[in-house]
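Before any comments, here is the structure.
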Amino acid sequence: MGESYISYGTGRRKTSVARVYLKHGSGSIVINGKAAPDYLMRKSLEMIVNQPFVATDTAGKFDVYVNLAGGGLSGQAGALRHGIARALIMFDSKYRAALKKAGHLTRDPRMVERKKYGRPGARKRFQFSKR
């Protein structure tokens, strides 16, 4: 990552963290050293990642370098979308209105509920028997 990147954003979802670097380019996305289609493996996740670019009409104008850690693929894709949206705002604040309207700036607060004592899971109960 020796080149100069013009914008940075951190995105989070569940336990995933995406550190996103943007620079002017042809629209390539590199995630942990791999091309986005090879890393994400599903078209639906690629669409999620590209939503901020579609909302701001900047598809294909930025190269994205991402360091992704934690969670699963779906959570990572959500974190990446959040990070790209934040990096776009850092690049140019005029994108804020479109991204806010599309809901890409809101951090998804849903997390796994903790396991409680006296139960096998967060909400599950042990089998009940009258006798």
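From least to most packed, judged by other beta carbons within 10 angstrom and beginning with the fewest, His82, His24 follow the order His24, His82. Placing +1 on each Lys and Arg Cβ and -1 on each Asp and Glu Cβ, with no other charges, gives the chain a dipole about its Cα centre of roughly 1440 debye.
Each part reduced to its alpha carbon centroid, region 1-71 and region 103-128 end up 29 Å apart. Dipole of the chain computed with +1 at Lys/Arg Cβ and -1 at Asp/Glu Cβ about the Cα centre; of Gly118, Thr106, Val49, farthest Cα towards the positive end is Gly118.
Packing around the peptides 10-19, 50-59, taken as the average count of other Cβ atoms within 10 Å per residue, puts them in this order, highest first: 10-19, 50-59. Of the beta bridges in the chain, as assigned by DSSP with both residues counted there, near 85 percent are antiparallel.
Readers should treat all values here as calculations from the given coordinates under stated rules, not as data from a laboratory. Model, not experiment: these values are computed from the prediction. Neighbour counts are summed over all protein chains in view; Cβ atoms, including those assigned to glycine, are modelled from backbone coordinates with ideal geometry.
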